[in-house]
Amino acid sequence: MLRRLWDVIWMRFYAVWVCGAGLFRGYRCHPFARMKGNALTIEAGCSVRRAALDSSFGNIRLSSGCWLNDGVEISAISEVRIGRGTTLQRNVTINGQVGLGEGCLLAPNVFISSTSHVHDRFPGMPIREQEGALPRDEFLRLYNRPILIGDDVWIGVNAVLMPGVQVGAHAIIGANAVVTKNVPEGAVVAGVPAKILDYRLGFEEKNCAE
Ligand SMILES: CC(C)(COP(=O)(O)OP(=O)(O)OC[C@H]1O[C@@H](n2cnc3c(N)ncnc32)[C@H](O)[C@@H]1OP(=O)(O)O)[C@@H](O)C(=O)NCCC(=O)NCCS
């Protein structure tokens, strides 16, 4: 109980401190943004609305000119890095170890997580208990597969990116897609699981040549 109270007080204090620092460092931060942990870097020109950023277990870096709308949730394992000028619409969730390139557009409700629940280690054991039964370093070794996304990528509304996928620069992920495999540069993918529909203008030849 006291621990929880302390967490809430510390989170508020840290958020006020981070948001206040923005006045001097040239970024804008909503006073009701929620911050946890202290490994958060926000560069000048960023704008953070009522988002929740948890850097208790890893670094979060927002490069200059990023824009995070209300309801965005980022929690880091190792590192979450958002490239310059990338925008995250309402309720985007980013978990784990994720690198997002520059100038990307993430539509509402996009879900990107480099980890998953432990569901296949202990026969017959409930999933909730499997997670507790695995030491944290073992969990990270087996269940954290970093996600890398290139520059100028547009991710449509409700899309889900599975652990370990790499999305090439200039790609488009369609609305409601579930991305289970790597996406080539400039490809337009959609569906469940996501398949290549086409290539963006100017990227067809590059991929044909390979
Ligand atoms: C992926 C996308 C960019 C493709 O647009 P497009 O190139 O104009 O594609 P088209 O509309 O010509 O569709 C081509 C084919 O793909 C299918 N398709 C398009 N988008 C799809 C999607 N999200 N899921 C499944 N199939 C899709 C179409 O039904 C069509 O199939 P058909 O040839 O059998 O008729 C677009 O459909 C999309 O999903 N945009 C994201 C919208 C969004 O999230 N907006 C939020 C604003 S930030």
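Going by the conditions given, is A190 in contact (Cβ under 8 Å) with a residue 60 or more places away in the chain and either under 20 Å from the mean Cα position of the chain (by Cα) or under 20 Å from G96 (Cα atoms) (or both)?
no
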Among strands (runs of 3 or more DSSP E) entirely within the stretch 134-210, at least 2 residues that are closer than 19 Å to C104 by Cβ, at pLDDT 95 or above and away from the ligand (no atom under 16 Å from the Cβ) occur in 147-149
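With crowded, with 18+ Cβ neighbours inside 10 Å and either modelled with pLDDT under 95 or in contact with a helix residue (DSSP H, G or I) (Cβ under 8 Å, 6 or more places away or on another chain) (or both) as the only criterion, which of A39, A15, A51, A21 stands out?
On inspection, the qualifying residue turns out to be A15.
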Could you please let me know if V118 is out of contact with any strand residue (DSSP E or B) (no Cβ under 9 Å at 6 or more places or on another chain) and away from the ligand (no atom under 16 Å from the Cβ)? yes
| query | So is L201 loosely packed, with under 15 Cβ neighbours inside 10 Å and touching a Gly at 6+ places or on another chain (Cβ under 8 Å) or not? | reply | no
inquiry  = Please determine whether any residue of the stretch 83-97 is in contact with a helix residue (DSSP H, G or I) (Cβ under 7 Å, 6 or more places away or on another chain), more than 15 Å from W154 (Cα to Cα) and either in a helix (DSSP H, G or I) or in contact (Cβ under 8 Å) with a residue 12 or more places away in the chain (or both).
reply    = no
message = Just checking, does the stretch 94-104 include any residue being within 16 Å of the ligand (Cβ to nearest atom), more than 17 Å from the chain's Cα centre (by Cα), modelled with pLDDT of 95 or more and not aromatic (F, W, Y)?
response = no
Being surrounded by 15 or more Cβ atoms within 10 Å (Cβ to Cβ) and over 22 Å from L201 (Cβ atoms) narrows P184, P163 down to just P163
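The values are calculated or read from the model by the stated rules, or taken from the named source; none is laboratory data. Just so you know, these numbers come straight off a predicted model, no measurement behind them. Here the Cβ is made from the backbone with ideal geometry for all residues, glycine too, and neighbour counts use every protein chain on show.
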